[in-house]
1. Residue by residue through the stretch 658-679, note down the ones that are surrounded by fewer than 20 Cβ atoms within 10 Å (Cβ to Cβ) and not acidic (D, E).
2. For the structure I just gave you, tell me whether G405 is farther than 26 Å from A232 by Cβ and either at pLDDT 95 or above or not in a loop (DSSP other than H, G, I, E, B) (or both).
3. Listed residues V585, V603; which is at pLDDT 95 or above and part of a loop (DSSP other than H, G, I, E, B)?
4. Could you please let me know if T543 is open to solvent by 40 Å² or more (accessible area, probe 1.4 Å), under 26 Å from E715 (Cα atoms), among the hydroxyl-bearing types (S, T, Y) and out of contact with any strand residue (DSSP E or B) (no Cβ under 6 Å at 6 or more places or on another chain)?
5. Within the stretch 462-489, track down each residue that is crowded, with 22+ Cβ neighbours inside 10 Å, assigned to a loop (DSSP other than H, G, I, E, B) and touching a residue at least 60 places away in the same chain (Cβ under 8 Å).
6. Here are the criteria: (1) over 30 Å from T411 (Cα atoms); (2) without any contact (Cβ under 8 Å) to a residue 40 or more places away in the chain. Tell me which single one L667 does not satisfy.
7. With the requirement that a residue be over 21 Å from F97 (Cβ atoms) and part of a helix (DSSP H, G or I), what does the stretch 335-370 give you?
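The values are calculated or read from the model by the stated rules, or taken from the named source; none is laboratory data. Nothing here was measured: the structure is a model prediction, and the numbers come from that model. Here the Cβ positions follow ideal geometry from the backbone for every residue, glycine too, while neighbour counts run over all protein chains shown. Surface areas here come from the heavy atoms of the whole protein model, side chains and all, with no ligands, DNA or RNA. Shrake-Rupley method; radii C 1.70, N 1.55, O 1.52, S 1.80 Å.
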Amino acid sequence: MEIFDPRWIETLIEERRFEDAVATIEPGLAQDMTGDMHGLLGLIQFHLENYAQAQRLLDRALTLSHDEVERWRIIGEHARANTVAEMQDVIPDVAYFQAESLLAAPPAAAGELPLPNNSSQQKHRLSVNDLIGDILGRVLGRASHLIVHAYGSLAGYQDTIWTNWYKHGRLRALLTLVYMRDQLNQHNLIESYPRGELIGFQPRLQQGPVGAQCFRTADGSWNNLDNPMEGAAGTRFLRNVALDAITVERDKRLLTPNPRRVSLALLQREGGMREVPFLNLLAASWIQFQVHDWVSHGENLEPPDIIEIPLDEDDPARVTYGQRSMFVGRTQPDPTRRQEGEPAAITHINEVSHWWDGSQIYGSDPETQLRLRSHVDGKLSLKDGLLHCRNGVEDTGFVRNWWVGLSMLHTLFVREHNAICDHLKHDYPQWNDDRLFNVARLINAAVMAKIHTIEWTPALLPQQTANMALNANWYGLATYLFRSPKQRKTISTLNIRHPEVGGVVGNPIDRHGSAYGLTEEFVEVYRLHSLLPESLVLRNHETNEVIRQISIAETRQAGSVKLTRSVGMQDLFYSFGNQHPGQLVLNNYPRFMQTLSMPSNPVFDLGAVDILRARERGVPRYNEFRRQLGLKAIHAFEDLTRDPQHLAALKSVYGDQPEAVEDLDLLIGTLAEDPHNPAVRPTGFAFGETLFQIFILNATRRLQADRFYTDCYNEDTYTAQGLDWIDAADMKSVILRHYPALAKSGLSNVSNAFEPWDTAEHLDPKRHPLSTESLTPLFPE
């Protein structure tokens, strides 16, 4: 046999016999290697995660090769990005759930939870306005319940297939949304623990730590003083579908149709990215920032606990990287499951706190929180205005899937926390470090929740009734309709104790008869990766000149640190404010994510994994998912879209028989909901009605079930200064507080920081739908 036989080397690579492949090439190392020999050796080093060495070999291959130039270029660029990002490093450290720790009593507090304020130890005296607000709330509650349910029962909210709420006038549309949400609260809050058990199988009548009634704990425990692990890190995901609808797909069914084939045919971006004209890239990084506050299944399992996805012979990853299969670590099992009496076929654990508590920057365990604090004046630790580094990346509460977009927002809200501490220290100079930290955390988390509720979500769904409903969640309809934006207070002087009229925030808690927790179905609707472009265009915030263009792959992990140390945060925020995200539609998924490198897994299709996870975790496929949420099933792919190319691709992947629609994956079905057909997707909506059902349910529930946004949202807990801070804050003001030079940019010209930062005197309604007259309050002052 010849010293160098490319076909034999390719076979060894496909069989993952990398060491044998190197040994086969080594005899030729003393001689002048051909370009292809360099290229194949570079490919082997790529698979071994020696990315810097792979890059050097592939660069050499480009200068010598004649036939495989494009192949070596593609792999070389990938190796270069991975070298910058140091993707061979496992971030964070590998850790797996252990039953003993998950079933233990809630951990001790991080630092000391302060005693309650003196004012909160005094008996609260009801004012005349409190009494009026309570009476109005009771009367309105009964009347609105009768009206909403009478209207909803008679009118319904669906046409032949699709919902019709947005086709009505504002009042009828709002009544319909309330009715839809009430139906979801009644039928779709499903617990995954055995009946009669507290969350986390905790014993009853435990005594919480001193101060837990007034402050959030590190892991989210003791939000419910009677059910101490409700919503805490290390507890189960709950469900929004009936337990008998949970079908854990295994073996052949798990891989039918092949997730990689689905990804290539229906997700792969064709040509240039289709942009959302009315959003900027901050909207894309924001949602990942928020998701990391809410949900994580933790570390995936390692071999042999993997799912192997076979690749077709003409699969680009097989042709380019020489892989016969892609390997996906299985989701960690729930080690707290009992041998008998479990109501759900499968359960998984949430690594982070389920609450809207800012855990992505504070951590979800006492040890992390203590490490991140400066222990001076309540502040979090920064160095020269940036996050510290640990293990090669920025150090913060959550660092999985790290990239520069997350670094920007984590840095911003760590700085915001510290600014709140300075503000509180000025008014309460006698407060110690622990009290300053804990009150500032409450305020900062509420600022983030407010931004998401009344800025990010309306920006993504710029429709007048949806905008009103989301503002009503925070302020209440009375405040939204009769106060201009600058005069709105979350807690009005006359606070009507009714969730729609007076707002959810600052009014009584309501769990709707079910313990709070985020759900597996909630996780699935936030697979919004199509928002991301392939690269970032970095601009100077003063001149608008392009500094450089960089692939997002280069900004991951260690690449983020390198970028934030070389390009200022003001330039980064300016750049994100002036670049668009991608549309949430078919064939608009980032190409770099379909050959993504992960530690110990150099070639990984996140699109295929997005599809696989829903199947693996028992989330129903598209049609059954709709039925479970009270929606009507589609009968044919033509019900989803009129696009002939999309229809052809759907039928090619899933089949052309009538029953094929039942195999349609949830992600694919939601992306296929036609953005150009107002009967299927409301005009301007970034996503369709199937995802919207989960949004309707959880946009309210995340606030309404949390004691710190309801019963404890008051001056005793937050301070009067804290409530004023939250009322005054929005995304625009937070950015300008910490990066004031951006006041000279288009940010000052727009009302919503998630819209493009345009400088035109008259903003284009297509780019700024929230600034149009149709979305202003009915009765502005």
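1. P658, A660, H676, N677, P678, A679
2. Yes.
3. Matching residue, one of V585, V603: V585.
4. Criteria not met by T543.
5. Hit for the stretch 462-489 is P462, nothing else.
6. Result: L667 passes all but (2).
7. Result: I361, L370.
Conditions (1) within 16 Å of the chain's Cα centre (by Cα); (2) surrounded by 22 or more Cβ atoms within 10 Å (Cβ to Cβ); (3) at pLDDT 95 or above, marked per residue:
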| residue | (1), (2), (3) |
| --- | --- |
| R390 | no, no, yes |
| H410 | yes, yes, yes |
| L424 | no, yes, yes |
| Y428 | no, no, yes |
| A446 | no, yes, yes |
